[in-house]
Each structure stands twice: as C-alpha cells, then as structure tokens.
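Structure first, commentary second.
What follows draws every value from the coordinates through simple rules; no lab data is involved. Quick caveat, the model's predicted, so the values are computed rather than measured. Don't worry about glycine lacking a Cβ; one is built from the backbone with ideal geometry, like all the others, and counts go over all protein chains shown.
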Amino acid sequence: MALDSGAASPSGPSAGTGSGTPDALRIPARLACLDRVAEFVLGLGARAALPESSVYRLRLAADELATNIVMHGYRGAAGEISVDGGIDPDQVWVRFEDDAPAFDPRQGMRPPALDVPLAERQIGGLGVFLAFTAVDSFEYELVAGRNVSTLVMRRSAAATGPGTG
C-alpha cells in the first residue's frame, strides 16, 4: 500500500458511527496511556466491520504514530494527545492532534535498505515507513500550531452495508 498525501480528507468527527461508543478521546502524552489508543482503534475497526488484517494494520500505524508523538514530539514533557475517528461509507479514519513542536512524521521516513547489512543500517525511520505504508493513506497538516495527522483505511464493499457506516 502506498503513502498517499493527496487522498480525500475524512469527513471529520460528525461522521461518527451512530453507536454509543465515543468517537474521540484525550490522553496524557505518556507511554503508559497508549493502550487506550489501541483500544479506541480496535473498537472503531470492529464497528466498521473492517477485515482483521486491516484492523491490525490501522492499529500498527496508530501505535507507531502515538509512540512517536510521546517519544519524539513531547520528549517526556507534559502534554496531551487528542484522538478522534470515524466511519465513512468508503473509509475508516483516525486523526491525532497534539501541541508538541511542529513535525511532519514523514520526515526522515525511508524504505529499508535491504542491501545494507543490519549492523550498518542507519537507525530511525523504519517503524514510520512500515506503519504508514500499512494504511491506505496518511496525511499531516500543521493547523493553528497543532500537529494534525490522519490515518485512513479503505473499507471493502462487503463491509459498507446498511448500519455499518
């Protein structure tokens, strides 16, 4: 799956699932709180009837992004991460917002240098590459000083029937 920075933007929080489950959460920017992000993504994927492989890939990307916000964005300083998501007829999206210093997670991202011995490979960027190529698209914007990153997973035709979007 290719990284697509020009994909259509998700509809936003108003495109919720219609279920009683919240479509947004706020957590302290601490590694100990990232399980809540995983639970949020798993719940969203289940409500959208995404195939297990798609849920896994969406969670992988969300875990990598949230971890990078904590470790490289806030760098141990106090902060908060806002996560919201939605289910549209053709896609499921998860959006992260934070007030860490401006940083596009795609910077430094590179495909693995498979022709270079493991001991000689440059450190960093591989996790982001693997995570963001696992989803159908990833978008980053700096909006009013806030980092806004959106992960999108397309839905299969079978999962878009009545009551699933």
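Normalising the average separation of contacting C-alpha pairs (under 8 angstrom, six or more residues apart) by the number of residues puts the relative contact order of segment 21-116 at 33 percent.
Treating r as the C-beta distance of Cys33 and Asp90 and R0 as 35 Å, the FRET efficiency rounds to 0.65.
For an R0 of 30 angstrom, estimate the FRET efficiency from the Cβ-Cβ distance between Glu120 and Tyr56 and round to the nearest 0.05.
0.45
For the pair Val148 and His72, label points projected 7 Å from Cα toward Cβ lie 2.2 nm apart.
Which value, in nm² and rounded to one decimal, describes the direction-averaged projected area of the C-alpha convex hull of segment 43-109? So the mean shadow area of the Cα hull is 5.2 nm². Sorting 138-149, 77-88, 60-71 by average packing, meaning the other beta carbons within 10 Å per residue, from highest down gives 60-71, 77-88, 138-149. Estimated from the Cβ-Cβ distance and a Förster radius of 25 angstrom, the FRET efficiency linking Ser156 and Leu25 is about 0.45.
Between Leu42 and Leu130, residue separation times 0.36 nm minus the direct Cα-Cα distance comes to 29.8 nm.
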